[in-house]
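Notes to accompany the following structure.
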């Protein structure tokens, strides 16, 4: 429970970092009025959202409409159980399988939110998001299998401890870059934010949400961004700590994670939205063949090492 509260606080101040960074990228200040340098702005935004009146649509399907944001946030927070702390209650030796199971369920929250609103814009946004997420999950899982075959384990601790000599980003150079692009697409972030295409879908699948329910969707998205940044650091950027409990105090680990999270913001401020057909071609015609070939290479390389 304490971990979840800190995750929600991290999400709140990550939004402040995003708004400040985008402001300076666009040659403006960003939030700077509420509190010292705008530090209280995320808390003011949260208070405003949760005090707003909820929408009551005549044509909505009430149960999935209200449950979809809660379901998305629950899945986002459940993935943070994979993060180790000194007061941790579980030890995931099969953390990779848990991640695959939970991430595969994310599409249901978005689909329920878009369908239950009974709006053509929200339904189109949900369909785009489901197609995009499922497409990139294939490449994402193949990349994870390549890392797993090198470490011969399902545990994130083994992924981290096996990189003391050489980081995986050097051994699997193309896969590390493909992984990051796939995580950007998986979290529906710019330039792959077709589920929230404001120019044609008027905010997409969450168009009919406001107030507290919109805040829950917002929290789920940013919690996933922070988790994927931390996971990318574990999989490809190694760890200097000798154990998971020491890793939580390892400043280099969190510096790498925050750098990756900042790159999400940097990309949003630098690149325009792609065409949807180019997005699909990127994963099916580029990422999928390369990830399959690297997976075959990693399995054969590990087999040769074991035999020798």
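Some observations on this one:
- Rounded to the nearest 10 degrees, the angle from helix 120-151 to the longest Cα principal axis of the chain is 20 degrees.
- Rounded, prolate or oblate (a/c below 1.5 giving rounded, otherwise prolate when a/b exceeds b/c) for region 172-230 by Cα gyration tensor: oblate
- Part-to-part distance (alpha-carbon centres) for region 1-75 and region 118-186, which is given in Å: 26 Å
- Shape class of region 25-88 from the Cα gyration tensor (axes a ≥ b ≥ c, square roots of the eigenvalues): oblate, since a/c reaches 1.5 or more and a/b does not exceed b/c.
- Each label point was placed 7 Å from the Cα along the Cα-to-Cβ direction; for residue 9 and residue 138 their separation is 4.3 nm.
- In this label model, residue 44 and residue 158 are separated by 5.0 nm, measuring between points 7 Å along each Cα→Cβ vector.
- Each of residue 56 and residue 284 was given a label point 7 Å from its Cα along the Cα-to-Cβ line. The distance between the two points is 4.5 nm.
- Once the mean of 1/r is taken over each pair of separate Cα atoms and inverted, region 15-140 shows a Kirkwood hydrodynamic radius of 17.8 Å.
- On Cα atoms only, tilt of 211-236 relative to the major axis of the chain in degrees: 10 degrees
- Efficiency of FRET between residue 266 and residue 108 - r from beta-carbon atoms, R0 51 angstrom, step 0.05: 0.95
- Given R0 = 25 Å, the distance between the Cβ atoms of residue 275 and residue 63 translates into a calculated FRET efficiency of 0.10.
Values quoted throughout were computed directly from the atomic coordinates according to the rules given, and no laboratory measurement underlies them. No experiment lies behind these values; they were computed from the predicted model shown. Every residue, glycine as well, gets a Cβ built from its backbone with ideal geometry; the counts of neighbours run over all protein chains shown.
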